[in-house]
Amino acid sequence: MAHIIVVGNEKGGSGKSTTSMHVATALCRMGFKVGALDLDLRQKSFGRYIENRLAYLERAELNLPSPEYRDLPEIDPALLAPGENPFDRRLSETVAALEASCDFIIIDCPGSHTRLSQVAHSLADTLITPMNDSFVDFDLLAHIDPETGKVQGPSIYSEMVWNARQLRAQAGLKPIDWIVLRNRLGAQQMINKKKVGSALEELSRRIGFRVAAGFSERVIFRELFPRGLTVMDLKDTGVDQLNLSNIAARQEVRDLIKELRLPAVEQRPETALA
């Protein structure tokens, strides 16, 4: 069975597609077979990222490890069972097709509440929730008392994750390993950074997730999208020099892969990400 990694956050602009692409490509570079799905059926940023990669590699005559991307198939309504949701069938068929040959499946969810996102969260062995390091994005996870800064209760998104956990428990599946990723951490606004960190630590104990450092705000992440490249590809393409910022970005990817504690990776230490 493939290990399913879902990247979810109901707020846009948190770095879901960048995170999905870097995790997927890093695992490919470690020798794993990785499938990829984008459930944002309108924008498809993750899907376009992979399409850009394949087009660039063909133009440059390069052969770099890449995930196998699949679009959700169209379903003939006549084939659906009474009361069956067509989105459920489209997702389940695609996941089943990839599971036969993949070690990992990366699913990038839309920045909104959809049926596909709900179902995907219930499939997650690992859930990554990227968030910008501010209380604007913290509201995704919980409601904060504006006077005291204390956590008042979980958000609608946290409740959806709780429901997904309940469904997995009822099905006898292992619990979701939930990681909240603090993206765009910067050296400035240290007071706000500490407040967000303290609130996350408190909330993590209450609703059960791990906190990890994500990706800093770097121009390189935006520049690589049109070519479908990641910071791990720079040495192999000769497109960009490895300056100090890019080297630091590569280390952030390595640290994230380590922090995910994926069983297949930990069982094969020879696959360490170069």
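Every number in this text was worked out from the coordinates using simple rules, so none of it is lab data. Just so it is clear, the model here is predicted, and its values are computed rather than measured. Positions of Cβ are backbone-derived with ideal geometry, glycine not excepted, and every protein chain shown enters the neighbour counts.
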Calculate the dipole size of the chain relative to its Cα centre from +1 charges on Lys and Arg beta carbons and -1 charges on Asp and Glu beta carbons; express the result in debye to the nearest 20. 600
Mind checking which of Gly208, Met232, Val196 is farthest towards the positive end of the chain's charge dipole, using Cβ charges of +1 (Lys, Arg) and -1 (Asp, Glu) about the Cα centre? Val196
How compact is region 1-62 by the rule of thumb for globular proteins, expressed as Cα Rg over 2.2 N^0.38 Å? 1.19
Once amide hydrogens are built 1.01 Å from N within the peptide plane, the residues lying 5 or more places from Val211 or on another chain with amide H under 5 Å from its amide H are Val180
Under 19 Å by backbone N from the virtual spin label 7 Å along Cα-to-Cβ at Lys235, the residues of region 53-88 are 62-66
For q values of 0.10, 0.11 Å⁻¹, compute log₁₀ I(q)/I(0) with the Debye formula on a Cα-only model of the chain, without solvent. -0.52, -0.63
Of Phe46, His3, Pro67, whose Cα points farthest to the positive end of the dipole of region 1-131 (charges on the beta-carbon: +1 Lys, Arg; -1 Asp, Glu; origin at the Cα centre)? Phe46
So what is the calculated 222 nm ellipticity per residue for the chain, using -39500 (n - 2.57) for each DSSP H run with n of 4 or more, over all residues, to the nearest 500 deg cm²/dmol? -13500 deg cm²/dmol
Residue exposure sequence - Met1, Met21 - by fewest surrounding Cβ within 10 Å: Met1, Met21
Just to be sure I understand: with springs between alpha-carbon atoms less than 10 Å apart, which residue in Gly111, Gly172, Gly197 has the highest mean-square fluctuation in the Gaussian network model of the chain? Gly172
Which shape class, rounded, prolate or oblate, goes with region 130-274 when its Cα gyration tensor gives a ≥ b ≥ c as root eigenvalues, a/c under 1.5 marks rounded, and past that a/b bigger than b/c marks prolate? oblate
Please report, in whole Å, how far the alpha carbons of region 65-167 spread along each principal axis, starting with the longest. 54, 41, 21
Report the dimensions of region 35-99 along its three principal axes from the alpha-carbon atoms, largest first, rounded to Å. 49, 24, 14
Most fluctuating residue given options Gln152, Gln118, Gln251, as computed from a GNM of the chain linking Cα atoms under 10 Å: Gln152
Say we join alpha carbon atoms closer than 10 Å with springs in a Gaussian network model of the chain; which of Val136, Val151, Val211 then has the biggest fluctuation? Val136
